[in-house]
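The values are calculated or read from the model by the stated rules, or taken from the named source; none is laboratory data. All values reported here derive from a predicted model rather than from experimental measurement. When we count neighbours, we look across all protein chains shown, and the Cβ atoms used for this are built from the backbone with ideal geometry, even at glycine. Ligands, DNA and RNA are excluded from the accessible area calculation, which covers all protein heavy atoms including side chains. Shrake-Rupley method; radii C 1.70, N 1.55, O 1.52, S 1.80 Å.
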2 protein chains.
Amino acid sequence: MDTGAREGGNALLFLTDEQLRKGIEAMFFAYQGFTADPDRILADLAYGRAHHRAIHFINRSPGTTVNNLLAILGVTKQSLNRVLRALVEDGLVKSEVGQRDKRERHLFLTDAGIALERRLSDAQRDRMRAAYRAAGPEAVAGFRQVLEAMMDDKSAARYAALKELKG
Amino acid sequence: MDTGAREGGNALLFLTDEQLRKGIEAMFFAYQGFTADPDRILADLAYGRAHHRAIHFINRSPGTTVNNLLAILGVTKQSLNRVLRALVEDGLVKSEVGQRDKRERHLFLTDAGIALERRLSDAQRDRMRAAYRAAGPEAVAGFRQVLEAMMDDKSAARYAALKELKG
DNA sequence: TTGGAATGTCAACAAAGCTGACGTATTGTG
DNA sequence: CACAATACGTCAGCTTTGTTGACATTCCAA
């Protein structure tokens, strides 16, 4: 860490506008790859990325409330509600009234929801795994470092909130 | 490169589902940061990311044709046309009939377009630069490696097509 | 008991993608 | 020359996913 500043000469060449532009474009096209496989699966089911995200985070934190999910996703409740309603109607998500606080709805995946989550995350993980394997562990460490440094405050807060839950 | 396979024991720990999940989530939240700053600027102008992308690639390859742009962006001509029309009407892009082939329209940024492009890319580059600086050159190399390995075929082809143009 | 928080719903709207169809100008080819 | 193909634009309509604003319900807590 902090190598760039200490090394002399042209060690800062990785910060040129050209290099930054390449990074920006790589990020753009990589994100397309990142979402391509789940998108294909979702298209067949008349779902979109919003459904994928909801399923992902419900799976990650079973029993989470609607408000929690709202905070993580950073969308309006109306937007999330539409997605959630479809998932509940289709029997992929179940929403249970809270016991301690009956205003809250706790969200769980049904067996069908778990099955779809697995299809989606398997597809996404397969691509990620292939990329990781091709690039090697050091590259992966750098990848994660840069990504975490790139988050804006809101996204970083959401990311941090997740860490407190699990890993 | 290819370290993972050679090293013994638990050198493949970076390929666990947990690690992959973290990478997936980091990618999701980092992309929000990646687009947050330009999005703020665009919102004031009643533009969206689609406009940003068009402006970016016209700036990158001045005189490019509509078809070229279509291929790079991977959207339909109707979708691009809507965006392009707004940009031309607002005087940010000019469209010139081709000399060799009069069916083609060659796209250029006007001075106003160049100014907006600079605002947008400055904002995006600033964040990218800060992330790069914080992570250091080795991390950046890894970042780029993983991103390039993550692209799907179509996106990789688009990315490669760009490389042939400039860097 | 009353105020506020959590949730849900209705309506309306916008951005940005899509398909399909059609028109026009231009170019290349048989 | 005639015709097919290409490049581009446009109209119409549909989808997903986001947004505001307004309002009702339920329920906890002061």
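Assorted remarks:
- Summing charges over neighbours of A:G98, with a neighbour being any other residue whose Cβ is under 10 Å away from its Cβ, gives +1 when K and R count +1 and D and E count -1.
- Position A:D101, label points 7 Å along Cα→Cβ, spacing to each other copy in nm (shortest first, one decimal): 6.2
- Shape category assigned to the range A:107-167 from the gyration tensor of Cα positions, a/c cut at 1.5: oblate
- Remark: mean inter-chain Cβ contacts per residue of A:122-128 equal 4, using a 10 Å Cβ-Cβ cutoff to other protein chain atoms.
- The alpha carbon centroids of the range A:70-110 and the range B:14-36 are separated by 23 Å.
- The count of lysine pairs in the protein assembly as shown whose Cα atoms are under 12 Å apart, excluding pairs fewer than 8 places apart on the same chain, comes to 4.
- Highest GNM mean-square fluctuation among A:R133, A:R85, A:R118, for chain A modelled with Cα contacts below 10 Å: A:R133.
- Volume of the Cα convex hull of the range B:28-124, divided per residue and given in Å³: 98
- Cβ-vector label at 7 Å, B:A46, separations to other copies in nm: 3.5
- Calculated mean residue ellipticity at 222 nm for the protein assembly as shown: -23000 deg cm²/dmol, from DSSP H runs with n ≥ 4 weighted as -39500 (n - 2.57), summed, divided by the residue count and rounded to 500.
- Each copy carries a label point for A:D126 at 7 Å from Cα toward Cβ; from one copy, the others' points are 4.2 nm away, ordered from shortest.
- Most mobile of B:A156, B:A46, B:A115 in a GNM of chain B (Cα contacts under 10 Å): B:A46
- When Rg and the Kirkwood radius Rh are both evaluated on Cα atoms of chain A, their ratio Rg/Rh stands at 1.05.
- Cα gyration tensor, the protein assembly as shown - rounded (a/c under 1.5), prolate or oblate: oblate
- The label point for B:S79 and the one for B:K163, both projected 7 Å from the Cα toward the Cβ, are 2.5 nm apart.
- Close amide H contacts of B:H106 (hydrogens built in the peptide plane, cut-off under 5 Å, sequence separation of 5 or more or a different chain): B:E96, B:V97, B:G98.
- Rolling a 1.4 Å probe over the protein chains gives B:H106 an accessible area of about 50 Å².
- Ranking A:S79, B:S121 by solvent-accessible area of protein heavy atoms (1.4 Å probe, all protein chains present), from largest to smallest, gives A:S79, B:S121.
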